[in-house]
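I have placed the structure first, in the form of C-alpha cells, so that the comments after it can refer back to it.
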Amino acid sequence: MPSQLRALYFEDGVLSLLDQRLLPAQEVWLGLSTSDHVVEAIREMAVRGAPAIGVAAAYGMVLAVQNGEDWKVARDKLAGSRPTAVNLFWALDRLDKLTDKSVESVLAEAKAIEQEDLAMNHKIGEFGESLVPENATILTICNTGSLATSGHGTALGIIRTAHTQGKVKHVYSCETRPRQQGLRLTAYELMHDQIPFHSIADSAAASLMAAGKIDFVVAGADRIAANGDTANKIGTLMLAVLANHYNIPFVIAAPSSTLDPSLPDGSHIPIEERHSSELTHAEELQIAPEGTPVFNPGFDVTPGTLITAIVTENGINRQPYGFK
Ligand code: MRU
C-alpha cells in the first residue's frame, strides 16, 4: 500500500483502488482484475472524481486486453458506468485511437494518462494560486483532491499550492450531500496536509458569505461546455449564485481533459440521477418514510456567466469563454 494519499495504482497486472465508500473509517484497497470489476467500482463510487474515473477506466481497458476480453464490449461497458464526467470518455477515446492494442501499448497509454493528469494538476495549482488573495478563507465543495485525481487535485490542488505559499488562512469544506465527499474525503485530505479547516453543512455556505467570512470559492468540474457552462457536484450552482450575490470570486479548476467543446452549452451535458437510497438512508438505516419519492441528481450546471475564471493546466480563462 502506498504511503502518500492516492486513489489507485496499477501493479503486476492488478488495479488497486482505495475504496472511497469506506473512508475515512477504513482504508481498504480493492484488487481488481477484470474490466467488469472496474465498471462496478466506478458505478458504485469506490473510485470517483472525474480525472480518477478516467484513469481507472483506462486501466480497466488494460485488464480487458490482459484477459482477452472483447475491446468494444469492455469499452462500451466502461463508457456506460457514469454519464457526466467527460474524462471517462476522453480516456477511452484516447485508447481507441491506439493502432497497437497490445497489453504493453495500452498499459503505456494508461500510465501516460495517469502521469499527465498529475502534471496537469500541479500546473493548475500554480496558475490558480495566483488568483487566491493573501490570508484567504476559501470555500470548496465535494472532493477534488488526490483521491479524485492522480494526485494533488484540481480545486483542492489550488488550495494545496496556495497553502504551501502561506496564503491560506482557513478552508470551509461543504459536507456535500448526499454522498458527503466533502465531509468524508476532503476533511481526510485537509487533515493529512494539516491545512486548517472546518467542515460545514452545505446550507451553512450562505450565512458564512453573508457574514463576510469567505474570500474565495473554488470548485472542480466534471464537464465544461464550449461557453464555460460547468457541470460539477450538486450544490455547486448554489455556491456560484451566492458568490455572485456577495461579490466573491468563484473559480472552477479542471484539466483540459474535462473540457467538452463539442457541446455549445451546459444544456447538453448529461446529468446523472442516482439511486433514491442515497437520500432515504444513512448507511444501512432508513431515515425517510417508506416509499418517499426522491429526486437525486448527482450534478448541476453553473452558467459560465457566474464563473469568475476557469483554470486549466494551460492557464487562466475568463469570460466570455470560448473553449475549442
Ligand atoms: O460524484 P463524484 O464524487 O464523482 O463527483 C465529483 C465531483 O463533482 C468533482 O468536483 C469533480 O469530479 C472534479 S474532481 C477533481
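Values as computed for the structure displayed
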| quantity | calculated |
| --- | --- |
| Gaussian network model of the chain, springs between alpha carbon atoms under 10 Å - residue of T236, T140, T280 with greatest fluctuation | T280 |
| Pairwise centroid distance, computed over Cα atoms, of segment 138-185 with segment 1-31, Å | 19 Å |
| For I316, distant residues with modelled amide H under 5 Å away | none |
| Above-threshold pairs, the threshold being 22 Å between Cα atoms, out of K77/K123; K72/K101; K167/K233; K123/K324; K169/K213; K97/K123 | K77/K123; K167/K233; K97/K123 |
| Normalised contact order of segment 162-310, rounded percent, pairs of Cα under 8 Å and 6 or more residues apart | 24 percent |
| Length-normalised contact order of segment 1-142 in % [C-alpha pairs under 8 Å, at least 6 apart] | 19 percent |
| Of A226, A162, A25, the one that fluctuates the most in a GNM where the chain has Cα springs shorter than 10 Å | A25 |
| Per residue solvent-accessible surface (Å²) - the chain, probe of 1.4 Å | 41 Å² |
| H37 accessible area, 1.4 Å probe, all protein chains in place, Å² to nearest 10 | 80 Å² |
| Highest-first arrangement of 7-16, 255-264, where packing means the average Cβ count within 10 Å | 255-264, 7-16 |
| Karplus (6.51, -1.76, 1.60) ³J(HN,Hα), θ = phi - 60°, over segment 17-30, in Hz, Gly and Pro reported as x | 10, 6, 6, 6, 5, 9, 6, x, 4, 9, 9, 10, 9, 8 |
| Per-residue HN-Hα couplings for segment 259-266 [Karplus 6.51, -1.76, 1.60; θ = phi - 60°; Hz; x = Gly/Pro] | 7, 10, x, 5, 9, x, 8, x |
| Two-decimal ratio, segment 242-284, of alpha-carbon radius of gyration to 2.2 N^0.38 Å | 1.78 |
| Sum of -39500 (n - 2.57) over DSSP H runs of 4+, divided by residues of the chain (222 nm, nearest 500) | -10000 deg cm²/dmol |
| Virtual paramagnetic centre 7 Å along Cα→Cβ of L22, amide N under 20 Å, in segment 52-90 | 53, 56 |
| Estimated translational D of the chain in µm²/s (Stokes, Kirkwood radius over Cα pairs; 25 °C; 0.890 mPa s) | 125 µm²/s |
| Most mobile of A221, A58, A136 in a GNM of the chain (Cα contacts under 10 Å) | A136 |
| Percentage relative contact order, the chain, counting C-alpha pairs under 8 Å, at least six apart | 16 percent |
| ³J(HN,Hα), Karplus 6.51/-1.76/1.60, whole Hz, each residue of segment 150-156, x for Gly, Pro | 8, x, 6, x, 9, 4, 5 |
| For V171, residues with placed amide H under 5 Å, excluding near neighbours | I138, F197, H198 |
| Counted charge near A243, where neighbours are those whose Cβ lies closer than 13 Å (Asp, Glu -1; Lys, Arg +1) | 0 |
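The values are calculated or read from the model by the stated rules, or taken from the named source; none is laboratory data. All values derive from a computational prediction rather than experimental measurement. All Cβ positions, even for glycine, are placed from backbone atoms using ideal geometry, and neighbour counts span all protein chains on display. The accessibility values were calculated without ligands, DNA or RNA, using every heavy atom of the protein model including side chains. Shrake-Rupley method; radii C 1.70, N 1.55, O 1.52, S 1.80 Å.
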